[in-house]
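The values are calculated or read from the model by the stated rules, or taken from the named source; none is laboratory data. These numbers come from a predicted model, not from an experiment. Cβ: placed from backbone, ideal geometry, glycine included. Neighbour counts: every protein chain shown. Surface accessibility is based on the protein's heavy atoms, side chains included, excluding ligands, DNA and RNA. Shrake-Rupley method; radii C 1.70, N 1.55, O 1.52, S 1.80 Å.
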Amino acid sequence: MTTDQLATSGGSILGHAVKRREDPDLVRGRRAYTGDLTAAGMLHAAFVRASVAHGLITGIDTSMVPDGATVFTQDDLGISITPPPMISTDFSRPVLVSRHVRYVGDPIAVVLASSERAAVDAAGQVWVDIDPLPPVTDPERALDPEAPVVFPDAGTNLAWSGTAGNDDDPLAGAEVVISQRLVQQRLAPVPMEPSAIFAQVTNDERLLIQMGTQDPASARRVLATALGREPDSIRIVVPAVGGGFGAKGPTYPEHVVVAALAARLGRPLRWLERRTENMVNMVHGRAQIQYVEMGATRDGRVTGLRARYRNDAGAYPTIAASFGTYTMMMSSGVYDIPKMSLSAEGVVTTLTPVGPYRGAGRPEATQMIERMMDLLAAELGLDPVEVRRRNLIKPFDGPRPVQSGISYDSGDYARALDHALAAADWPAWTAERDRRRVNRDPRLLGVGVSTYIETTIGVTPKMESGGVTVAPDGTIVVRAGGSSHGQGHQTTFAQIAAARFNVPMDRVVVIQSDTDAVPDGVAGTYASRTLQLVGSSVSVASDRVLERARDLAGRLLEAAPADLVPVGDGLGVAGVPGAEVTWARLAEAALDEDDPLEADEAFGSADATYPFGAHVAVVEVDRETGWVRLLRHLSLDDCGYVINPMLVIGQQHGGVAQGVGQALFEEARFDPDGNPLTGNLVGYTVPTAVDLPMIDTARTVTPSPLNPLGAKGVGEAGTLGSTPAIHSAAMDALQPLGVRHIDLPLTPDRVWAAIRAAET
């Protein structure tokens with residue numbers, strides 16, 4: 001089915017705003033989070049964590065632990081499987097540390113007690129003696145010959161490296177070369193509910209795990225391997241998640257410990273991470289340093305790019321150590337750059353491990369190329385919008401190779417940029433900026449723009465499951481392999497099925513986030529992959545069910561299957577009122593033949609898709625205090641065919657909010673010894689509603705040819721475009737003062753210092 005046919009078949013359901021089905025229960029507090037779950041006889045877990053960033057354990061004293069609390073160490077557990085999978089066995093992680101601690105927060109022991117408070121208090125009475133070792137806190141020095149090696153058996157702090165590009169000397173022949181070191185600071189995910197797990201053994205001796213995860217299928221696989229159980233003996237159910245942003249994709253050591261002890265003791269067990277734990281223990285994001293050189297002609301056409309990326313992988317390098325792959329892939333942005341030489345490294349430090357965080361390597365690429373475009377425009381004295389226009393890839397609707405080694409699927413980047421500038425009223429804002437400059441207004445105004453492209457699905461498994469069943473009462477049951485943590489899957493998948501079967505949405509039931517109900521999930525919900533893969537699976541499975549239903553109805557109505565169409569509450573002969581059979585009757589007929597009216601599908605995409613867009617930001621900078629205030633932000637995103645505009649706008653708003661956080665507020669900081677300086681929400685500042693203007697949204701539509709929905713991802717889009725646009729606007733405001741560059745975040749003290757330095 002083509003995108004046009006899909007839109008037509010959906011009538012007013014597809015392509016139009018439909019209120020989220022999930023929200024009433026969440027807003028009214030009727031849906032439980034993991035931290036709400038309880039059971040008779042439940043025990044609570046609290047973890048004893050390392051208080052130094054690097055050292056060797058010489059002793060663990062539990063003599064002060066009060067009666068009624070029990071302590072378990074790695075030796076007591078006897079579990080050697082490492083969660084989550086490391087990038088190399090040279091950097092294996094124990095479930096609990098018995099000897100070598102590698103960051104403040106490394107879990108050493110677990111204490112069980114009858115209440116959460118008792119468990120936390122008892123954990124505070126476990127004394128761990130640690131002989132300190134020299135820390136590694138600066139990723140730029142991690143590979144120095146004198147740097148301590150965090151994993152002695154590995155013999156190096158280099159966890160991963162890679163290269164891409166098409167030219168060893170991309171700057172040869174350039175008329176002008178600009179260079180800049182750029183910092184993508186560490187970010188903490190700060191979900192509403194931190195990590196949590198509730199585990200219990202059921203009457204049939206299975207292990208029921210309820211946990212806030214983005215990937216229940218993978219969590220079951222990891223836990224089954226770690227505990228030496230068959231996967232079918234474990235059931236994962238996902239309650240309300242409270243935000244994931246990539247950081248709830250991995251299965252953490254604490255999850256394994258709680259599951260193992262619940263199975264061993266035969267008692268319900270719950271662990272709820274406290275906020276301070278969360279800030280130092282849940283994986284951080286970004287943490288990339290970039291060394292970039294760009295060559296160009298004097299009229300602003302880019303001739304070559306050389307870039308080296310170094311990712312701080314933290315103490316236990318997982319796949320995040322290789323996120324430089326994504327950054328290299330997307331280094332061209334939306335620009336036609338003929339020559340590139342790219343390299344990336346992931347290094348080990350004695351800081352909180354780094355993992356997936358909304359965009360995972362792609363926002364880093366966008367921030368890099370957009371910042372360099374602004375610097376090039378400033379160097380040449382050209383309009384930054386015009387410099388972008390001169391380098392944009394021309395419109396295309398088929399595979400378009402770029403020099404980093406990938407091919408984009410479809411795009412019209414000039415249209416997106418022009419539409420965004422018009423929607424944001426760019427001329428009016430630039431005129432106001434110039435007026436303030438002439439009047440020497442202490443409230444400096446800046447306008448900024450960014451264009452972006454990202455890869456969705458990416459290098460993740462390019463397949464996900466979905467299924468459709470017509471139940472005996474005529475209800476359409478959808479089984480979704482993804483697992484929602486706020487995206488609105490219940491609404492989107494119901495829209496797709498309701499459109500295909502021509503039934504009201506309240507006749508569609510969507511089941512997900514339960515490995516018993518959906519046992520064949522592949523890789524969960526992340527990388528903006530779900531609508532493209534799960535939605536396509538649901539669409540294809542619906543077509544298969546409809547094909548079989550037409551055969552059944554044809555026999556019942558003595559009509560040709562090709563003449564049957566969805567009408568009313570079932571299938572009927574086109575143009576013949578009254579000649580129809582209900583879905584309930586068709587389901588009954590299928591059961592009579594011992595062949596239920598259902599189909600399962602695992603849709604696989606031939607390649608990644610590449611959504612794109614343009615953002616415009618307007619900021620005000622107080623010259624006296626350095627305070628940067630976002631006045632207006634417009635997010636234009638092209639994510640292909642849109643099933644529900646309301647859900648897309650929600651994703652745009654959420655992404656922009658997190659992009660604002662990176663641009664202006666957020667940074668996970670440590671002292672030189674590796675002690676966290678931002679271990680709570682006093683030291684680590686996230687934007688609130690007060691810090692955000694009304695966010696304007698717009699879109700263009702460039703369908704992808706790679707899936708039947710014509711869809712591209714949108715979950716990370718707002719994060720990619722917003723940060724560089726805000727950075728661009730702030731530097732535009734400061735340009736008359738002679739400030740060339742400030743690394744993120746643009747906090748008042750950092751901006752004030754740059755202004756004072758420029759003045760002197």
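For this structure, a couple of remarks:
- Screening Gly467, Gly446, Gly521 for residues that are in contact (Cβ under 8 Å) with a residue 12 or more places away in the chain and either within 27 Å of Val334 (Cα to Cα) or out of contact with any helix residue (DSSP H, G or I) (no Cβ under 8 Å at 6 or more places or on another chain) (or both) leaves exactly one candidate, Gly446.
- Of the residues making up the range 497-513, those that are open to solvent by less than 40 Å² (accessible area, probe 1.4 Å) and either in a strand (DSSP E or B) or modelled with pLDDT of 95 or more (or both) are Val508, Val510.
- Of all the listed residues (Arg308, Arg298), the sole one being in a strand (DSSP E or B), in contact (Cβ under 8 Å) with a residue 24 or more places away in the chain and in contact with a strand residue (DSSP E or B) (Cβ under 8 Å, 6 or more places away or on another chain) is Arg308.
- Residue within the range 435-456 that is more than 30 Å from Val616 (Cα to Cα), of a type in the set (Phe, Trp, Tyr) and either within 26 Å of the chain's Cα centre (by Cα) or surrounded by fewer than 18 Cβ atoms within 10 Å (Cβ to Cβ) (or both) present: no
- Check on Val534, open to solvent by less than 50 Å² (accessible area, probe 1.4 Å), at pLDDT below 90 and part of a helix (DSSP H, G or I): yes
- Looking only at the range 557-566, residues that are among the hydrophobic types (A, V, I, L, M, F, W, C) and surrounded by 14 or more Cβ atoms within 10 Å (Cβ to Cβ) come to 4 in all.
- The residues listed here are Leu647, Leu709, Leu664, Leu720; of these, the one that is open to solvent by less than 30 Å² (accessible area, probe 1.4 Å), in contact with a Ser or Thr (Cβ under 8 Å, 6 or more places away or on another chain), at pLDDT 95 or above and under 27 Å from Glu464 (Cβ atoms) is Leu720.
- Number of positions in the range 514-531 that are open to solvent by 40 Å² or more (accessible area, probe 1.4 Å), modelled with pLDDT under 85 and within 25 Å of Asp637 (Cβ to Cβ): 1
- Out of Arg21, Arg30, sole residue that is among the charged types (D, E, K, R), out of contact with any Lys or Arg (no Cβ under 6 Å at 6 or more places or on another chain) and free of Cβ contacts under 8 Å to residues at least 24 places away in the same chain: Arg30
- Matching residues in the range 484-496 - criterion: being over 25 Å from Lys248 (Cβ atoms) and either surrounded by fewer than 22 Cβ atoms within 10 Å (Cβ to Cβ) or touching a helix residue (DSSP H, G or I) at 6+ places or on another chain (Cβ under 6 Å) (or both): Ile496
- Residue list for the range 463-483, filter: surrounded by fewer than 21 Cβ atoms within 10 Å (Cβ to Cβ) and in a loop (DSSP other than H, G, I, E, B): Ala471, Pro472, Asp473, Gly474, Thr475
- Residues that are open to solvent by less than 10 Å² (accessible area, probe 1.4 Å) and out of contact with any helix residue (DSSP H, G or I) (no Cβ under 8 Å at 6 or more places or on another chain) were ranked within the range 269-280; the one that is nearest to Thr202 (Cα to Cα) is Asn278.
- Residue in the range 577-632 that is most open to solvent (accessible area, probe 1.4 Å), counting only those that are part of a loop (DSSP other than H, G, I, E, B), closer than 30 Å to Ala416 by Cα and modelled with pLDDT under 90: Ala606
- Verdict on Ile319 being surrounded by fewer than 23 Cβ atoms within 10 Å (Cβ to Cβ), in contact (Cβ under 8 Å) with a residue 40 or more places away in the chain and of a type outside the set (Phe, Trp, Tyr): yes
- Answer residue from the range 85-122, given it is among the small types (Gly, Ala, Ser), more than 30 Å from Arg308 (Cα to Cα) and within 33 Å of the chain's Cα centre (by Cα) and is surrounded by the fewest Cβ atoms within 10 Å (Cβ to Cβ) among those: Ser98
- Screening Val701, Val648, Val714, Val686 for residues that are part of a helix (DSSP H, G or I), among the β-branched types (Val, Ile, Thr) and in contact (Cβ under 8 Å) with a residue 60 or more places away in the chain leaves exactly one candidate, Val648.
- Tallying residues that are open to solvent by 30 Å² or more (accessible area, probe 1.4 Å) and within 29 Å of the chain's Cα centre (by Cα) within the range 144-179 yields 5.
- Each residue in the range 385-415 was checked for being within 13 Å of Asp638 (Cβ to Cβ), aliphatic (A, V, I, L, M) and crowded, with 19+ Cβ neighbours inside 10 Å, and 0 pass.
- Yes/no for Pro216 being in contact with an Asp or Glu (Cβ under 9 Å, 6 or more places away or on another chain), of a type outside the set (Lys, Arg), closer than 14 Å to Ser483 by Cβ and crowded, with 17+ Cβ neighbours inside 10 Å: yes
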